[in-house]
Amino acid sequence: MINLVEFEQKIKKNSIDNFYIFCGSDESIIKNCIYSISKKVITNDFKDFNYIRLDGRKVSNDEVVNACETLPFMEEKKVVEIFRANFLDDNKSSDDEKNMDFNKLLKYVQDIPPYTIFIMYYIFKSDREKPSSKIKKLEKFGTLVKIDKMKGANLSYKVKEVFEKKGKKIDKAELSFFCSLVDGNMNIINNEVEKLCCYCEGRNITKEDITLLMSQKNENDIFNFVDYLSQKNIKKSIDILNELIYKGDEVTSILYMIQRQFKLLLALRVGIDSGESLDKLAKEYRLHPFIAEKMMKQSRKFTVEKLKSNLELSLKVEKNIKSLNTNNRTQLEFFVINSII
């Protein structure tokens, strides 16, 4: 079994195997891997003839054999891909097993024609899932590539590549900040990068841009979360945090949204108390007047001192998450409890 980095190194060296099994939770990365194989062995002129995709939910043994045994047209190699091969799951349903006999498939892959590159992939239901016993049996005759959730240097490298493909430069500090907020899912990353590139057209991307755009999708949740804090309702506040985490938001991303909310509440409260108009403040902080008015009302549920102390508390929690070996979710709960004291 090899990982994504090892696979990419082999492809760069033009070391391409006859049979691949991909597994993991990020289908977008797996598709990119398969594309990198096909690009090496098939020209665009003959792709329609030499790249065959079969639906793993419907494919039969006979279809696999026919696709693999047919000679490539005007090229040395052909690619046969079975996508979403659910029959590789040990807990497959009867619908997944009615067309494909796994034992026949296992026997066939031991003698794949030399002109065929046979590829299958199976999507994990969660990041904790491990390769099934069927995948391990197939691994004896091919190359198993396990696509783990990207993080650290690998995530930064991939995200930087996405920005570069969009023709947009992002500085190292902003890149690191962006990666700290996103889940390692390439579909989500591509969408977020696209939004940032459009929003920051003609200028450099800043941390403020990243915070603004990536927090908008959960604005209502964070607004309600802060409202429950003002009511000293611990249960409702934690319920919202758990829901955000369940939907896939990183704890660091949630914390940055909370910080942004308290920064805006404090700025609006101080501005209004200083005699500035709501319209002027809305324009200054790039808020819709209706949203600015709602936030102004929310800010009055706290004293200025409490808004400042909650903001300071969120920064302390951020420091704990970055410097201590601690449970991030527990740190959010710590913030909730201490913010209502």
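The values are calculated or read from the model by the stated rules, or taken from the named source; none is laboratory data. Small disclaimer: the values here were computed from a predicted structure and weren't measured. A quick note on method: Cβ atoms are made from the backbone with ideal geometry, for glycine too, and the neighbour counts reach across all protein chains shown. Surface accessibility is based on the protein's heavy atoms, side chains included, excluding ligands, DNA and RNA. Shrake-Rupley method; radii C 1.70, N 1.55, O 1.52, S 1.80 Å.
Conditions: (1) surrounded by 13 or more Cβ atoms within 10 Å (Cβ to Cβ); (2) over 25 Å from LYS104 (Cβ atoms). ARG57 meets all but one. Number of the miss?
With (1) surrounded by 13 or more Cβ atoms within 10 Å (Cβ to Cβ); (2) over 25 Å from LYS104 (Cβ atoms) applied to ARG57, the lone miss is (2).
Mind counting the residues in region 250-266 that are among the hydroxyl-bearing types (Ser, Thr, Tyr) and open to solvent by 30 Å² or more (accessible area, probe 1.4 Å)? Spell out the reasoning first.
So the first thing to find is which residues in region 250-266 are among the hydroxyl-bearing types (Ser, Thr, Tyr), and the list is 252-253, 256.
Next, from what is left, pick out any that are open to solvent by 30 Å² or more (accessible area, probe 1.4 Å): 252, 256.
Count: 2.
Does region 316-333 include one or more residues that are over 24 Å from ASP239 (Cβ atoms), hydrophobic (A, V, I, L, M, F, W, C), out of contact with any strand residue (DSSP E or B) (no Cβ under 9 Å at 6 or more places or on another chain) and modelled with pLDDT of 90 or more? Break it down stepwise before answering.
Of the residues in region 316-333, the ones over 24 Å from ASP239 (Cβ atoms) are 319, 322-325.
Now drop any that are not hydrophobic (A, V, I, L, M, F, W, C), which leaves 324.
This time we only want the ones that are out of contact with any strand residue (DSSP E or B) (no Cβ under 9 Å at 6 or more places or on another chain), so: 324.
Then keep just the ones that are modelled with pLDDT of 90 or more; that gives none.
No: region 316-333 contains no residue that is over 24 Å from ASP239 (Cβ atoms), hydrophobic (A, V, I, L, M, F, W, C), out of contact with any strand residue (DSSP E or B) (no Cβ under 9 Å at 6 or more places or on another chain) and modelled with pLDDT of 90 or more.
Looking only at region 243-269, filter to residues that are out of contact with any Leu (no Cβ under 9 Å at 6 or more places or on another chain), part of a helix (DSSP H, G or I) and in contact (Cβ under 8 Å) with a residue 24 or more places away in the chain; which one of those is farthest from ILE189 (Cα to Cα)?
Checked region 243-269; the qualifying residue farthest from ILE189 (Cα to Cα) is GLN261.
Among the residues of region 176-199, is there at least one that is open to solvent by 70 Å² or more (accessible area, probe 1.4 Å), at positive phi and out of contact with any helix residue (DSSP H, G or I) (no Cβ under 6 Å at 6 or more places or on another chain)?
Within region 176-199 (the criterion being open to solvent by 70 Å² or more (accessible area, probe 1.4 Å), at positive phi and out of contact with any helix residue (DSSP H, G or I) (no Cβ under 6 Å at 6 or more places or on another chain)), the answer is no, since none of the residues qualifies.
May I ask you to list the residues in region 201-224 that are modelled with pLDDT of 90 or more and buried (at least 17 other Cβ atoms within 10 Å of the Cβ)?
ILE205
Tell me which helices (runs of 4 or more DSSP H) are completely within region 94-157 and hold 3 or more residues being open to solvent by less than 80 Å² (accessible area, probe 1.4 Å), or say none if there are none. Talk me through it step by step, then tell me what you get.
Values: elements: 94-97, 102-108, 133-139.
Of the helices (runs of 4 or more DSSP H) lying wholly inside region 94-157, those with at least 3 residues that are open to solvent by less than 80 Å² (accessible area, probe 1.4 Å) span 102-108, 133-139.
Listed residues ASP17, ASP90; which is among the acidic types (Asp, Glu), surrounded by 13 or more Cβ atoms within 10 Å (Cβ to Cβ) and outside any helix (DSSP H, G or I)?
Details: ASP90 fails: surrounded by 13 or more Cβ atoms within 10 Å (Cβ to Cβ).
Of the residues listed, the single one that is among the acidic types (Asp, Glu), surrounded by 13 or more Cβ atoms within 10 Å (Cβ to Cβ) and outside any helix (DSSP H, G or I) is ASP17.
Within region 3-34, can you find the residues that are within 23 Å of TYR108 (Cα to Cα) and hydrophobic (A, V, I, L, M, F, W, C)?
ILE16, PHE19, ILE21, PHE22, CYS23, ILE34
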